[in-house]
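The next block holds one structure in the form of structure tokens; read it before the comments.
Nothing in this text is a laboratory measurement; each read-out follows from the coordinates by a stated rule. As the structure is a computational prediction, the values presented were derived from the model and not from experiment. Note: ideal-geometry Cβ built from the backbone for every residue, glycine included; neighbour counts use all protein chains shown.
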Ligand code: PRP
Ligand code: URA
């Protein structure tokens with residue numbers, strides 16, 4: 001069964017409050033999303049495996065540790081997921097980046113896929129799928145479907161804000177995908193917005209509407 005982690009680190013919670021604030025403008029919103037993505041990734045990488053190596057310091061030989069195991073790829077769900085990529089690359093600069101393009105049909109709220117481009121060795125990598133919002137869960141579920149169809153085996157999903165309804169749907173559809181959340185909110189509105197949420201993540205990141 002999928003594990004769900006809600007990050008209660010004070011810095012993440014502090015920055016998330018200003019991300020939610022309707023008076024936060026586009027520039028600051030972008031910077032805050034970037035910073036929270038870095039902090040969340042720092043927490044997620046706690047689970048990375050290490051291997052022992054020898055290193056020559058200026059003084060002596062020493063046993064030391066470096067990261068081992070599968071290489072990473074970051075997969076933003078377009079558009080809003082793009083806002084989280086640089087924050088993750090700050091920590092893992094060599095990670096590859098794939099893209100899954102989806103939008104929610106405003107009437108049906110169902111995801112519509114319009115673009116997919118992934119690293120060719122996607123089946124060998126650990127994938128961090130990112131999107132600021134997990135609302136009905138439709139987009140994240142469709143993105144994971146799309147990744148699995150193309151051979152992905154090892155996927156984590158990271159979002160800023162989730163509705164309980166979306167988390168349940170995602171757990172049911174993809175029990176092998178752990179979910180990492182900064183804020184778990186109350187519910188979904190009838191229009192499919194997360195309450196209290198932050199509004200439309202893509203519009204706030206890119207200054208559209
Ligand atoms: C938003 C958000 C998620 C999706 C979440 O994207 O970034 O991808 O909605 O909703 P769901 O869980 O109900 O599927 P949107 O469709 O607005 O597209 P955009 O990123 O291009 O603005
Ligand atoms: N997508 C968003 O950007 N915001 C929501 O609240 C729900 C879906």
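Each helix, a run of at least 4 DSSP H residues, gives -39500 (n - 2.57); summed and divided by the residues of the chain, these come to -9000 deg cm²/dmol at 222 nm.
Considering only 132, 111, 76, the Gaussian network model of the chain with Cα springs below 10 Å gives its largest mean-square fluctuation to 111. Select from 193, 115, 18 the residue whose mean-square fluctuation is largest in a Gaussian network model of the chain (Cα-Cα springs shorter than 10 Å). Highest fluctuation of the listed residues: 115. Most simply put, the chain has about 40% antiparallel DSSP beta bridges, counting only bridges with both residues inside it. The packing ranking, built from the mean of other Cβ atoms within 10 Å per residue, places the peptides 165-174, 133-142, 25-34 in the order 133-142, 165-174, 25-34, highest first. Rounded to the nearest angstrom and listed largest first, the equivalent-ellipsoid semi-axes of region 25-128 from its Cα gyration tensor are 35, 18, 10. The angle between the Cα long axis of helix 164-173 and the longest principal axis of the Cα atoms of the chain comes to about 60 degrees, rounded to the nearest 10. The order of 41, 54, going from fewest to most other C-beta atoms within 10 Å of their C-beta, is 54, 41.
Give the whole-number value, in cubic angstrom per residue, of the convex hull volume spanned by the C-alpha atoms of region 108-209. The partial results should precede the final answer.
Numbers: hull volume 11.3 nm³, N = 102.
Residue-normalised Cα hull volume stands at 111 Å³.
If every alpha-carbon in region 107-150 counts as one equal scatterer, what log10 I(q)/I(0) does Debye give at q = 0.15, 0.24, 0.34 1/Å? These q points yield log10 I(q)/I(0) values of -0.42, -0.96, -1.42.
Can you pull the percent of Cα pairs in the chain with separation above 23 Å?
44
What angle, in degrees between 0 and 90 and rounded to the nearest 10, separates the Cα long axis of helix 138-149 from the longest principal axis of the Cα atoms of the chain? Taking Cα atoms only, the helix is inclined about 40 degrees. P(r) tail, region 32-73: Cα-Cα pairs separated by more than 15 Å, 59% of all pairs.
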